[in-house]
1. What does the helix-only formula give at 222 nm for chain B: each DSSP H stretch with n ≥ 4 adding -39500 (n - 2.57), the total divided by the residues, and the result rounded to the nearest 500 deg cm²/dmol?
2. Calculate the spin-label point distance for A:Trp75 paired with A:Phe304, positioning each point 7 Å from the Cα along the beta-carbon direction, and give it in nanometres.
3. Please identify the DSSP H helices in chain A that span no less than 27 Å along the helix axis (Cα) and have a mean Kyte-Doolittle hydropathy of 1.6 or more.
4. Using only the Cα atoms of the stretch A:123-214, what do you get for the radius of gyration and for Dmax, in Å?
5. What's the magnitude of the charge dipole for the stretch A:222-327 around its Cα centre, counting Lys and Arg as +1 and Asp and Glu as -1 at the beta-carbon? Answer in Debye, nearest 20.
6. Using a 10 angstrom cutoff on alpha carbons, build the Gaussian network for chain A and name the most mobile of A:Leu245, A:Leu60, A:Leu165.
7. Short version: ³J(HN,Hα) in whole Hz for each residue of the stretch B:135-147, in order, from phi by Karplus 6.51 cos²θ - 1.76 cosθ + 1.60 (θ = phi - 60°), x for Gly and Pro, what are they?
8. Per residue of B:189-202, how many C-beta atoms from partner chains lie within 10 Å of its own C-beta, taken as a mean?
Amino acid sequence: MKENLPIDKAQKNFDSSGSSPLLSYKSQDKLALYLLKGIGLFIIFILALMIYLLFDMSSLALKEYGLTSFIKTDWWNPVEDEFGALSFIYGTLVTSAIAIVVAAPLSIAMALFLTVVLRGALAKFLGLLVELIAAIPSIVFGLWGLFYLAPWVKNSLTPFLKTTLGFLPLFQGPSFGIGLLTAGIILAIMITPTITSLTREVFKAISPLQKEAALGLGATKFEMIKIAILKPSLSGILGACVLGLGRALGETMAVAMVIGNSPVISKSLFAPGATMASIIANEYAEAEGELHLSALCLIAIVLFLVTFIVNFVARMVIWRNNRRVKK
Amino acid sequence: MKNVVLTILMLCGLSAHAITKINGAGASFPYPIYSKWFSEYSKLNKDVQFDYQAIGSGGGIRQLIKQTVDFGASDAPMKDKDIKKAAWPVKHIPTVLGAVAIAYNLKGITRSIKLDGETLSAIFLGQITKWNDEKIQTLNKGLKLPAKDILVVRRADGSGTTAIFSDYLSTVSKNWEDKVGRGKSLRWPTGIGAKGNSGVTGAVKQNDGAIGYIELAYAIKNKLSVVSLKNKAGEYKLPTVQGVSLAAQNVDASKGLTTSIVDASGKGVYPIAAFTYILLPVHQGENLKFVKEFLNWALTKGQNYAPALHYAPLPNKFAKEVLKQIK
């Protein structure tokens, strides 16, 4: 019953039992606090160091082009040392948007299936399988995307999209299987486990009383899911999506292999594109000029900014939603 | 017990003392032949061990300047700007020759397609977009070419292969030199970018109507159809190890070892070929002697290992000249 004693009494008991501690308990607490503070500050320090390094390495390009004109320019020519980031920003945002549009409904449905429909060992096992997807290295995703997904997109998905949604400019033009759409789908598969497992935790946190109350009031299962599960966990779901989006924005290798790597802005989702992460991965190792290297580092800063802005906007949405729910 | 530990420690100390470790870093293109050389050489000279990191030519040059390696390796000669940054004079030692093959995928065409430099550059500039274009058709009399769209596939990552290919196109076509130019990363006017030789190989294999450039070894291993290319003597040549070696036979080694050998004159020459170099810092360090000894072996007996790995050996006369310069 020791756990139930007040702390000081427990300590006395412990003390009287024999050897005195090396440090007094008070200083132990203090030490732990300093240690934790130190670790926390260290992370901030590393982040600051990275940002400083990036700014330092990109200073040449920053001086040459300036941040705003660098962001606004849609032209990338390493031979002539002409660099602009707009097409990469576009590619990053479009592929991430496709990813979240495809992955969010799938993941939420999966999480519902695992918490509401399936129970027990089978649900645990399936949940584990979904989480295993997260453990697949992205280069494997990339190769799989290149050799299996891309031909499928070209031969099956594209004709289907063209006949059903072909009136939209998004789904016009030739498809080679490699392009923005394929990259978006790969990203969707990659972020599904993140969103699924987080959403599942959110659903699990809902008290069963709420569900039973909904059913007791005569709601069908579908209505119960709507009222008692989805509605109260909306901000949690949004939070999970933000984390998934974060991964999609920064994903490099898999995207570089299937996106087609052309720094152009095209209306069609079938067209090749390029993302900020993919251009850095592609050109950094063999970058020749100082300016080229520096421009790639500046892209990294822009990626930083874009990720920050997207996260900020998403958090604003969650925050406003929370406020509305509270009212 | 103590004695055993002591003996082990002493043995470790002895063996660590006896083996000289040589570090190198650079181009990934010659990695297969270099690693073969290093392992064969270590069998003959048990006291020298080579460690080579295939991090790319640009990385190799940077490591060399920072003096973290005993030798560098690069597909393209170092730029004067970079040579000035190095603490010592840098010697370029050609080791083997590499070739770039033009691979294509055209269903129903069994005979090898013939192209000349001008037509090839027009295809990669996006000016010729159909396989049955008049210019291609006149070069291939008696071959019924389909009216399919041409899909240009090229490297997305910065690469020595791209440097060789664009050097060739710039040499044979004024149009290409003005519009695109030479480099490891380019501003491509058309097509899709794939990652690495394997990426280009995959994209060509999957798309009927695709054309792309890859290292010779990849074309042979994957049994892709390759273009027979018109050389300066007016012959159409398929890429072969012999044809590539011939490209270097007329190079005068006494006039410097970094000459470009694309579109070389002479009979039987395959026109898209280049040396790959080991970069040797000429300083007083101890390890330099071992690297020189290794190069002596690599340029004589070592050359016999090249053809099996689809690299072209240096012509005998040329290799002798290079050996003279190493001393």
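1. Result for chain B, helices only: -11000 deg cm²/dmol.
2. Spacing of the two 7 Å Cα→Cβ label points: 2.7 nm.
3. A:86-112
4. Taking only Cα atoms of the stretch A:123-214, I get Rg and Dmax of 18.2, 54 Å.
5. That gives the stretch A:222-327 a dipole magnitude of about 1240 debye.
6. Among A:Leu245, A:Leu60, A:Leu165, the largest mean-square fluctuation in the Gaussian network model of chain A belongs to A:Leu165.
7. 5, 6, 4, 5, 6, 10, 5, x, 10, 8, 8, x, 8
8. Whole-number average of other-chain Cβ neighbours for B:189-202 is 5.
Each value in this text was obtained by applying a stated rule to the coordinates, not by laboratory testing. Keep in mind that what you see is a predicted model, and the values were worked out from it rather than measured. Neighbour counts run over all protein chains shown; Cβ positions are idealised from the backbone, glycine included.
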